[in-house]
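I have placed the structure first, in the form of structure tokens, so that the comments after it can refer back to it.
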Amino acid sequence: MKPIYLDHAASTPVHPEVAEVMMKIMTEQFGNASSVHAFGRSVKKIINGARDAISSNLGCSPDEWVFTGGGTESDNLALFGAAYSRKGGHIITTAIEHHAVLHACEELEKEGYSITYLPVDQTGRVALKDLEAALRDDTFLISVMLANNEVGTVQPIEEIGRLAREKGILFHVDAVQALGSIPISLSDLPVDYMSFTAHKINGPQGIGGLYVRRGAPLHPRLYGGLQERGRRAGTENLAGAAGFAKAVELAVKGQAARNEESLALRNRLLEGLDQGIGRDSYKINGNAEHGLAHITNISFPGVRSDVMLMNLDMEGIAASSGSACTSGSLEISHVLKAMNLADDRLSSAIRFSTGLGNTSEEMEHVARKIETILNRLRIKG
Ligand SMILES: Cc1ncc(COP(=O)(O)O)c(C=O)c1O
């Protein structure tokens, strides 16, 4: 069997239709969108076409969309962009955000802003009452992700956003993992900033976007030209923007089917595990009711995550033990730690994330290989 990729939450293969759009642009178009000549105008038309298409698929105005270099940049732009529009104050976020948010908050903390990191329950969900209790007179920004990248837990962002609106507090949402799984209609959501990236939805790496509600403050992070209405200087990523637009179109159109397929793949994996190793041999980390269908985080107590990952890799199966940025180290995931799980569950968690190209045969194969690996390790142990 060919290698099996179950790490779509880290990055996804580029969809052939996206690659086709990008290839056409890369081979046929060149020039700088800021140039006034015909080459420049043609490029500008493509970028604005991509902006129009994305905005229409996500339900915002084209002027509310800022192209960035990816999810990390979008998160940083939102947080620093809101914070630097004022002096000092209090920000509320959660303990399970991506490091793009957490490390940005740590930096802001060093600069004199105060930050509250909300706890989560054992399924990774934030409680509204904890948010309410954390509010202060000087709270100016709340940042909560729509869906978590390690365990897939979905947060109640509409309720949080309504509360933020009521109190006149800005609200940023990292929707990087949620796009393509959860319907998003920006103008209907009580949200001021929302971060996206193309490479999680079968688009290219190195391009993302930030929704900035009209009127929401945004201090720029980059200085230079007046691209993106002065909000993000730098020559635009032409092929990336067009590829991203195609990926968003496919992700939104295919959302329902994708969720169904993801669920079927997960069920196939779990059925295989139940038959092979038995339900008592593993624990699922996340929220069964509010969760992304394509992310399944499973602990195999007694087998360390790195040992399992190495064995899976030897069998040609690519999975992950947490976010890609920390999976090179043995460090226990901050997300699972915040969920307060038992130690043997923390140290043995594996994230399987499915997507384009995965089949039910692959999931059966993975379940069988996990059984083989566990048997092998138990005999050895
Ligand atoms: C929830 C979340 N936010 C932000 C990012 C960063 O996005 P990018 O890789 O495009 O910088 C990721 C990527 O893993 C993510 O999962």
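The set of residues in segment 326-340 that are open to solvent by 50 Å² or more (accessible area, probe 1.4 Å) and either modelled with pLDDT under 95 or not in a helix (DSSP H, G or I) (or both) comprises G328, S329, L330, E331, I332, N340. The lone criterion from (1) hydroxyl-bearing (S, T, Y); (2) open to solvent by 20 Å² or more (accessible area, probe 1.4 Å); (3) more than 30 Å from S347 (Cα to Cα); (4) in contact with a strand residue (DSSP E or B) (Cβ under 7 Å, 6 or more places away or on another chain) left unmet by Y193 is number (2). The numbered conditions (1) under 30 Å from L118 (Cβ atoms); (2) touching a strand residue (DSSP E or B) at 6+ places or on another chain (Cβ under 8 Å); (3) open to solvent by less than 10 Å² (accessible area, probe 1.4 Å) are all true for L102 except (3).
Condition first: touching a Lys or Arg at 6+ places or on another chain (Cβ under 7 Å), over 18 Å from D174 (Cα atoms) and hydrophobic (A, V, I, L, M, F, W, C). Can you find one or more residues in segment 226-240 that meet it? No, every residue in segment 226-240 fails to be touching a Lys or Arg at 6+ places or on another chain (Cβ under 7 Å), over 18 Å from D174 (Cα atoms) and hydrophobic (A, V, I, L, M, F, W, C). Outside any helix (DSSP H, G or I) and buried (at least 23 other Cβ atoms within 10 Å of the Cβ), is that true of I115? Spelling it out, it is not the case that I115 is outside any helix (DSSP H, G or I) and buried (at least 23 other Cβ atoms within 10 Å of the Cβ).
Restricting segment 130-139 to residues that are assigned to a helix (DSSP H, G or I) and without any contact (Cβ under 8 Å) to a residue 24 or more places away in the chain, the residue that is nearest to the ligand (Cβ to nearest atom) is D130.
Restricting to segment 140-169, and then to whatever is in a strand (DSSP E or B) and surrounded by fewer than 24 Cβ atoms within 10 Å (Cβ to Cβ), can you tell me which residue is farthest from the ligand (Cβ to nearest atom)?
Result: F140.
One line per residue, one yes/no per condition, for (1) part of a helix (DSSP H, G or I); (2) farther than 30 Å from H334 by Cβ; (3) away from the ligand (no atom under 16 Å from the Cβ); (4) within 26 Å of the chain's Cα centre (by Cα):
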{"position": "S35", "(1), (2), (3), (4)": "no, yes, yes, no"}
{"position": "G40", "(1), (2), (3), (4)": "yes, yes, yes, no"}
{"position": "G49", "(1), (2), (3), (4)": "yes, yes, yes, yes"}
{"position": "D52", "(1), (2), (3), (4)": "yes, yes, yes, yes"}
{"position": "D63", "(1), (2), (3), (4)": "yes, yes, yes, yes"}
{"position": "E97", "(1), (2), (3), (4)": "no, no, no, yes"}
{"position": "C105", "(1), (2), (3), (4)": "yes, no, no, yes"}
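Selection within segment 65-78: residues that are in a helix (DSSP H, G or I), over 14 Å from R231 (Cβ atoms) and open to solvent by less than 20 Å² (accessible area, probe 1.4 Å). The member of this set that is farthest from the ligand (Cβ to nearest atom) is D75.
Give the residues of segment 1-33 that are open to solvent by less than 60 Å² (accessible area, probe 1.4 Å) and in a loop (DSSP other than H, G, I, E, B), sorted by residue number. Within segment 1-33, L6, H8, A9, A10, S11, T12, P13, H15, Q29, G31, N32, A33 qualify.
The values are calculated or read from the model by the stated rules, or taken from the named source; none is laboratory data. The structure displayed is predicted, hence computed values, not measured ones. Note that we place each Cβ from the backbone using ideal geometry, even for glycine, and neighbour counts take in every protein chain shown. Each accessible area value is taken on the protein alone, full model and side chains, heavy atoms only, with ligands, DNA and RNA left out. Shrake-Rupley method; radii C 1.70, N 1.55, O 1.52, S 1.80 Å.
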